[in-house]
Amino acid sequence: MSVTIKDVAKQANVAPSTVSRVISNSPRISEKTKRKVRKVMDEMGYHLNLNARVLVRQSTQTIGIVMKNSASHSFENPFFSELLRGISQACHEHDYSINLTTGESEEEIFNDVVKMVQGKRVDGVIVLYSKKDDQVVPYLMEHDFPFVMVGKPVMDSSNVMYVDNDNVQACRDATNYLINIGHDKVALLGGGSHFEVDKARLEGFKYAVNENKLELPNGYITNIETGNSKRMQAIHELMDLPEPPTALVVTDDINALKVMAVLQERNMKMPEDVSIVSFNNTMLSKLSNPPLTTVDTNSYQLGYESSNSLIHLLDEPDMLKRSVIVPTTIVERQSCSRKMTPNMD
């Protein structure tokens with residue numbers, strides 16, 4: 001015979017309602033009581049009957065995840081794997097499952113979302129990006145379907161719940177880091193202009209260049225987005241300029257590796273010839289040669305906070321929409337060095 005909530009309550013010497021609140025991780029229950037009840041649940045072999053819970057709540061206990069790109073492209077980038085790890089942890093703590101979009105194109109991803117919503121397959125959705133001309137977010141808003149974004153919304157940000165970094169400040173800090181170690185020829189290699197994160201980092205880069213009164217020659221801002229067959233050529237063109245940069249801000253660790261590969265082909269050394277700062281502090285940044293100085297965007301925390309925020313919204317649909325800004329830090333490694341002033345003697 002299976003163990004019930006009443007059995008657990010009796011053994012733990014608490015009310016059945018207290019056990020229910022422990023299961024739902026209610027903040028009204030102290031951590032001491034939660035540990036006591038959970039210990040009894042483990043000892044008695046109690047398992048939550050999710051099917052019964054779904055019927056009572058008329059809920060799927062599932063959260064939909066809308067990928068930035070196709071799943072095959074997204075999982076090539078460790079940033080998204082870490083983001084999903086954070087989402088999964090928060091879902092696990094609240095007994096939610098996740099459902100990923102699997103489309104290989106924007107249209108297929110949108111159709112996946114429509115199926116999630118119309119088929120009542122999920123209770124809410126986390127959108128892992130923010131971009132102009134997106135179909136997904138307007139559709140969710142039109143259908144008044146609960147969702148949270150990773151990234152600042154393009155419009156109506158006061159009425160949309162989102163989690164993000166301060167990407168303007170983060171790229172300003174990364175650029176200033178290079179300037180402060182003596183580099184006055186700094187270029188930006190971005191991931192494209194479609195997504196809000198790239199626009200914000202471009203703004204931060206320009207802010208740092210302007211406040212330091214540096215020149216910004218034509219060609220010092222270029223894109224090497226995934227899927228662009230000419231991205232390697234763009235790197236060569238940058239380094240072939242009459243006055244090539246001595247330092248680069250690259251807005252993603254995985255793109256930084258591509259840049260380093262091109263520089264090595266050109267027999268250029270890092271950081272002696274070129275210093276590089278990238279973003280995300282993924283496993284790739286630690287394993288590259290040399291290891292990358294990178295802006296830690298705390299991708300796990302971005303995922304965890306987005307999942308927590310959505311679950312909070314599902315529990316309290318009338319709550320005020322909020323934004324959560326996750327801080328960033330620069331992790332110094334060996335891809336940067338101080339630019340030496342030439343000896344004029």
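Read-outs: derived from the displayed coordinates by stated rules, not from any lab. This structure is a prediction, so every number in the text was calculated from the model and none was measured. So basically every Cβ, Gly included, is an ideal-geometry build from the backbone, and we count neighbours across all protein chains shown.
The spacing between region 188-264 and region 10-31, judged by their C-alpha centroids, is 53 Å. What translational diffusion coefficient, in µm²/s and rounded to a whole number, does the Stokes-Einstein relation yield for region 202-345 at 25 °C and a viscosity of 0.890 mPa s, taking the hydrodynamic radius as the Kirkwood radius over Cα pairs? Answer, rounded: 140 µm²/s. Just to be sure I understand: with springs between alpha-carbon atoms less than 10 Å apart, which residue in Thr297, Thr251, Thr222 has the highest mean-square fluctuation in the Gaussian network model of the chain? Of Thr297, Thr251, Thr222, the Gaussian network model singles out Thr222 as fluctuating most.
Please give the length that would be gained between Lys39 and Glu108 if that part of the chain were fully extended, namely 0.36 nm times their separation in residues minus their C-alpha to C-alpha distance (nm, one decimal).
Working: separation 69, 0.36 × 69 = 24.84 nm, distance 4.50 nm.
Gain in length upon complete extension: 20.3 nm.
Each Cα pair of region 131-207 feeds into the Kirkwood radius, which the Stokes-Einstein equation turns, at 20 °C and 1.002 mPa s, into a diffusion coefficient of 152 µm²/s. Only Lys, Arg, Asp and Glu carry charge here, each on its Cβ (+1 for the first two, -1 for the last two); on that basis the chain has a dipole of about 1400 debye about its Cα centre. The magnitude of the dipole of region 74-169, with charges of +1 and -1 set on the Cβ of Lys/Arg and Asp/Glu and taken from the Cα centre, is near 140 debye. DSSP assigns beta bridges within the chain; of those with both partners inside it, close to 10 percent run antiparallel.
Starting from the Kirkwood Rh over alpha-carbon pairs, what translational D in µm² s⁻¹ does the chain have by Stokes-Einstein at 4 °C and 1.567 mPa s? Don't skip to the answer; put the middle values down first.
On the way: Rh = 22.4 Å.
D, rounded to a whole number, is 58 µm²/s.
Each 5 Å bin from zero up to the one holding the largest Cα-Cα distance in region 271-313 carries the following percent of pairs: 6, 19, 22, 15, 12, 10, 8, 5, 3, 1, 0.
Placing unit charges on each Cβ (+1 for Lys and Arg, -1 for Asp and Glu) gives the chain a dipole about its Cα centre, and among Leu178, His94, Val148 the Cα reaching farthest toward its positive end belongs to His94.
By the helix-only formula, in which each DSSP H run with n ≥ 4 contributes -39500 (n - 2.57) and the sum is divided by residues, the chain has a 222 nm mean residue ellipticity of -13500 deg cm²/dmol.
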